[in-house]
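> Have a look at this one before I ask anything.
The values are calculated or read from the model by the stated rules, or taken from the named source; none is laboratory data. Quick caveat, the model's predicted, so the values are computed rather than measured. FYI the Cβ positions are ideal-geometry reconstructions off the backbone, even for glycines, and counts take in every protein chain you see.
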Amino acid sequence: MGLITTGERTIVRAPEPTGSTQDSWVTSRLDFLVNWARSSSMWPMPFGTACCAIEFMATAASRYDLARFGMERLSFSPRQADVLICAGRVPYKLAPVLRRIYQQMPQPKWVISMGACASSGGMFDNYAVVQGIDTIIPVDVYVPGCPPRPEALMYAILMLHKKVQTERLRDGARHTEIEPDPQSHLYIPPSRIDELSEPFGNSVHQTRSAP
Amino acid sequence: MTRPLPSYPSTRPGSAREAAGEPAPITPHHVAHRGGAENPSVAALRERFGAAIVRAHVMWGETTVIVAADAIHDVIAFLRDEPAHAYNYLVDVTAVEYRDAEQPMELVWHLRSLPWQRFLRLKVEIPKGEPLVAPSITDLYASADWLERECFDMFGVTFTGHPDLRRILMWDTYREGHPLRKDFPLRGRFSRSEQLTQALSIDTVGRYSMTELTIAEAFDDLPADMRERLAERRAAELARSMRTLDAGDDA
Amino acid sequence: MSRRTIEMAVGTSGVDQFGRPMRAPLAVRGNGALVLEAPPEPELEGDHMLINIGPQHPATHGVLRLVLELDGETVVRCVPHIGYLHCGFEKIGEYRQYNQIIPWTDREDYLNSIGNNVAFVLGCERLFGIQITPRCTVLRVIAMEMSRIMSHLVWMGTTCIDIGAFTPFLWLYQERENLYNLLEGWVGARLTTSATRVGGMAAEVPDGWMDGLKAFIRGFPKTLDEADRMLARNGIWMGRTVGIGALSADEAINYGLSGAMLRASGVAYDVRKDVPYLDYETYDFDVPVGTQGDVYDRYLVRVEEMRQSIRILEQAVQRLPDGPLNVDDPRVILPPKTRATSQMESMIHHFKLVMEGPRPPIGEVYVPVESPKGEKGYYLVSDGTSKPVRWRIRPPAFVNLSAIPRMVEGHLLSDVIAINASIDIVMGEIDR
């Protein structure tokens, strides 16, 4: 993936807090209450495309039982979902669909990128597959694995819960809608996308067709 | 347009072979690279079509017949309708392009005869540089519809007579070419950001394209405002795809 | 020509003057009883409606998109859109050696990964002219039948959910987890197995593994019968499936259907019987055939197929011979590690096999197998180099799905879901 050496930064950045930086007892208690409620009953929206979706089904089924984390209520409508679990590879033809589903989800919303393909394109370094869904939508937790085991997905979910529990209501910028560039439809600079999508590791050498 | 289905004594798998007293098929062991028993249909094809059958060979136990391009439809129709051959099952339609620039491109049809339990590969060779055109066999096999569309999408082969020949796997306004051609780079022609830009500009809100509506005939019945909206959307789509094409050329 | 509307009106039936949703008014009938009086339906006569299902819809089993033209609730026309999971398998295969392609076969029909591994290397071995060992043959039969059961279990569970029964899904997934455990013990992965190599298998089964398989063979039919009892004579299930999406035998053949789809229509075409491989002709098993070709028959055929797979597994466990697993052919199989580090020749061998890969002679093969979805074949073309010129997957689900416009026409919108589930589609294989 390479080191990021350009001066360009992502647009998603929390602005400086205004006014007092000190939390009062009331707001911190309120934060705790809100975060506890949010993290204890997250409704996942499974955006399952390929193999990872089968492991997601295994996670939700009898042995691994996602209900233990208050997440058994799968929300197949993005309008009522809190966390988008993108399970599987995302080809370019699916990219506008994923972007639209993300935009249809109400704030606050989080994204888990499940599996190598969703996180980086994985083994599909070719003309058809998006090299990481973070070039389309912001991602909170990446789950490695091809496909990740159900335990790995649960670990990611618990990590997300932890992340939610540390959020503060004052940081409103965390949950503002991304606004892609109207011309290019991208929300991070094109040069950054090209850099992130460069072949790495073994796949650099595997572009020769023969012998 | 679609031809009526052929009538055989029975389409039950193996029925014709049993009636002819041939032994049941078994797992092949130690198959020879070249040579071996030729598919009996080849002799009948030679007799019927003469010079249109360019050549035939047996490799790894499978018979391949190379057919002249203009005869392929008649050959397949003959093989399907004649009860003595009864190739009623179309397995696959695809194409092969070799790395060697001299070698012609091949269009491949895989046919199977359920009553006779036989398999036959038909090929048409198209020399490099000539237009990739072949007759469609959608009037013979309903399964040819999508298989030919895929071949068109991936290789750019035009099947004349196909009722609805358009891209099937890539989207309609895909501008990079036909991915399985050998001159198509593995990672596509455009940069990753350009590919993403093009993909994200696919209109997901305009849910129904004109093709789906087939509303060529019903177009005049649509309310006037809807007609305007459709025309506008279409023009915008076209303009955008032209723009992206230009941008892609620059990149 | 009737007028067609192109967007479905979504919303409540109406709001009152305060903006609250209206309820159906109660009316008093002549005998004094209160009855619910439905509000008058909007005039829709003659209008056709287009609705869109997918590409992100729980009942499309992935990312299929269907555009349906409805007359009332009856489907007039259906336009499927695929390609939302097109990942360029066939292109990338031209850039990989034969053994390197095996991980791609896992991810193409991911419900049946180990079966695809076997199918692909069967094609490669024909292309290389290799004869595999008897032990390997039987182990591959075990792998294929396990994988058939695994795939059918997911099909059955998800179809239950689509049609409205949730419990069988949980029971069946429990059995699938047992198979996952077996696979994990054998090759170390649950789903993406990459279990085979050209000329053999990646690993020998560990000690005691066969006992686990025997336990599964004993226990599984009980669960299957239980789930089958829940469904086969269930009034709701039969009401949703009997007579839905029927295709005649001639039509099914003409549409190129294969697998349970074709057999439900009454054509006993099974690649294991008609184009045998892996010595399937020596196993004793039946090919279940339906009579009506509807969704219910497809269900019955698939359930019976699982029982037959258990029969094959029983026979395979009994006849599993001892002996070497991999062929003794230095063209394709790596030398043992001890020899590779101690002998010059073996080391060169190892190096050449890893760096250049095995090279088949010039030629082409098409080797079909009976995958859970139908006739799946790999068409391999070699020009003598270590990478194939063309790696073509004959996708059974792709061809089966192409008949969906014919199957759904004239049925109700809710039947589209049942018909789509009965095809047993896997988008990874359809779009490749």
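> Please specify each residue of segment C:357-396 satisfying the condition of being of a type in the set (Val, Ile, Thr) and within 12 Å of chain A (Cβ to nearest Cβ).
Within segment C:357-396, the subset of a type in the set (Val, Ile, Thr) is C:362, C:365, C:367, C:369, C:381, C:385, C:389, C:393.
Correct list: C:385, C:389.
> Would you be able to say whether some residue in segment C:120-130 is closer than 21 Å to residue A:49 by Cα and either facing another protein chain (nearest Cβ under 10 Å) or crowded, with 23+ Cβ neighbours inside 10 Å (or both)? Write out each step before concluding.
Step one: filter segment C:120-130 for residues closer than 21 Å to residue A:49 by Cα, giving none.
No: zero hits.
> Before we move on, is residue B:105 over 17 Å from the mean Cα position of the chain (by Cα), assigned by TED's automatic domain parsing to the domain that holds residue B:136 and among the hydrophobic types (A, V, I, L, M, F, W, C)?
No.
> Here's a follow-up. Out of the residues in segment A:76-122 that are among the polar types (S, T, N, Q) and touching a residue at least 40 places away in the same chain (Cβ under 8 Å), which is nearest to residue C:57 (Cα to Cα)?
At the first step, the residues of segment A:76-122 found to be among the polar types (S, T, N, Q) are A:77, A:80, A:103-104, A:107, A:113, A:119-120.
Add one more test, that the residue is touching a residue at least 40 places away in the same chain (Cβ under 8 Å), and what stays is A:103, A:107, A:120.
Working: A:103: 17, A:107: 22, A:120: 24 Å.
Per the stated criteria, the residue is A:103.
> Inspect all residues belonging to segment C:397-414 and state whether any of them is part of a loop (DSSP other than H, G, I, E, B), charged (D, E, K, R), more than 14 Å from chain A (Cβ to nearest Cβ) and crowded, with 24+ Cβ neighbours inside 10 Å.
Of all residues in segment C:397-414, those part of a loop (DSSP other than H, G, I, E, B) come to C:402-403, C:409-411.
Right, trim to charged (D, E, K, R) and you get C:409.
Now drop any that are not more than 14 Å from chain A (Cβ to nearest Cβ), which leaves C:409.
Pick out the ones that are also crowded, with 24+ Cβ neighbours inside 10 Å and you get none.
No, segment C:397-414 has no match at all.
> Considering each residue of segment C:131-157, count those that are closer than 21 Å to residue C:60 by Cβ and surrounded by fewer than 19 Cβ atoms within 10 Å (Cβ to Cβ), and give that number.
Total meeting the criteria: 0.
> Scan the helices (runs of 4 or more DSSP H) fully inside segment B:125-227 and keep the ones with 2 or more residues being within 11 Å of another protein chain (Cβ to nearest Cβ) and either modelled with pLDDT of 90 or more or crowded, with 19+ Cβ neighbours inside 10 Å (or both).
Details: elements: B:144-155, B:192-200, B:210-213.
Filter on segment B:125-227 gives B:144-155, B:192-200.
> Please tell me if residue C:146 is without any contact (Cβ under 8 Å) to a residue 60 or more places away in the chain, more than 9 Å from chain B (Cβ to nearest Cβ) and either out of contact with any Lys or Arg (no Cβ under 6 Å at 6 or more places or on another chain) or not in a strand (DSSP E or B) (or both). First the steps, then the outcome.
Working: without any contact (Cβ under 8 Å) to a residue 60 or more places away in the chain: no; more than 9 Å from chain B (Cβ to nearest Cβ): yes; either out of contact with any Lys or Arg (no Cβ under 6 Å at 6 or more places or on another chain) or not in a strand (DSSP E or B) (or both): yes.
Considered against the rule, which asks whether it is without any contact (Cβ under 8 Å) to a residue 60 or more places away in the chain, more than 9 Å from chain B (Cβ to nearest Cβ) and either out of contact with any Lys or Arg (no Cβ under 6 Å at 6 or more places or on another chain) or not in a strand (DSSP E or B) (or both), residue C:146 comes out as no.
> Let me ask something additional. On the given criteria, is residue C:197 without any contact (Cβ under 8 Å) to a residue 60 or more places away in the chain and either of a type in the set (Lys, Arg) or not assigned by TED's automatic domain parsing to the domain that holds residue C:301 (or both)? Steps first, answer last, please.
Numbers: without any contact (Cβ under 8 Å) to a residue 60 or more places away in the chain: no; either of a type in the set (Lys, Arg) or not assigned by TED's automatic domain parsing to the domain that holds residue C:301 (or both): yes.
For residue C:197, the condition - without any contact (Cβ under 8 Å) to a residue 60 or more places away in the chain and either of a type in the set (Lys, Arg) or not assigned by TED's automatic domain parsing to the domain that holds residue C:301 (or both) - is not met.
> OK, next. Quick check on my filter: what residues within segment C:234-256 are more than 14 Å from chain B (Cβ to nearest Cβ), of a type in the set (S, T, N, Q) and more than 20 Å from the chain's Cα centre (by Cα)?
C:234
> Does residue C:163 satisfy being at pLDDT below 90, more than 12 Å from chain A (Cβ to nearest Cβ) and either crowded, with 22+ Cβ neighbours inside 10 Å or under 19 Å from residue C:317 (Cα atoms) (or both)? Lay out the reasoning, then the answer.
Numbers: at pLDDT below 90: yes; more than 12 Å from chain A (Cβ to nearest Cβ): yes; either crowded, with 22+ Cβ neighbours inside 10 Å or under 19 Å from residue C:317 (Cα atoms) (or both): yes.
So residue C:163 passes the test.
> Could you check residue C:260 against (1) in contact (Cβ under 8 Å) with a residue 12 or more places away in the chain; (2) surrounded by fewer than 20 Cβ atoms within 10 Å (Cβ to Cβ) and say which number it fails?
In the conditions (1) in contact (Cβ under 8 Å) with a residue 12 or more places away in the chain; (2) surrounded by fewer than 20 Cβ atoms within 10 Å (Cβ to Cβ), residue C:260 misses (2) alone.
> How do the pairs read when you match residues in segment C:71-96 that are more than 7 Å from chain B (Cβ to nearest Cβ) with residues anywhere that are surrounded by 20 or more Cβ atoms within 10 Å (Cβ to Cβ) and of a type in the set (Ser, Thr, Tyr), using Cβ under 9 Å and keeping only pairs 6 or more apart or on different chains?
Listed by first residue and then by second, the contacts come to C:80/C:402; C:84/A:49; C:85/A:49; C:89/C:105.
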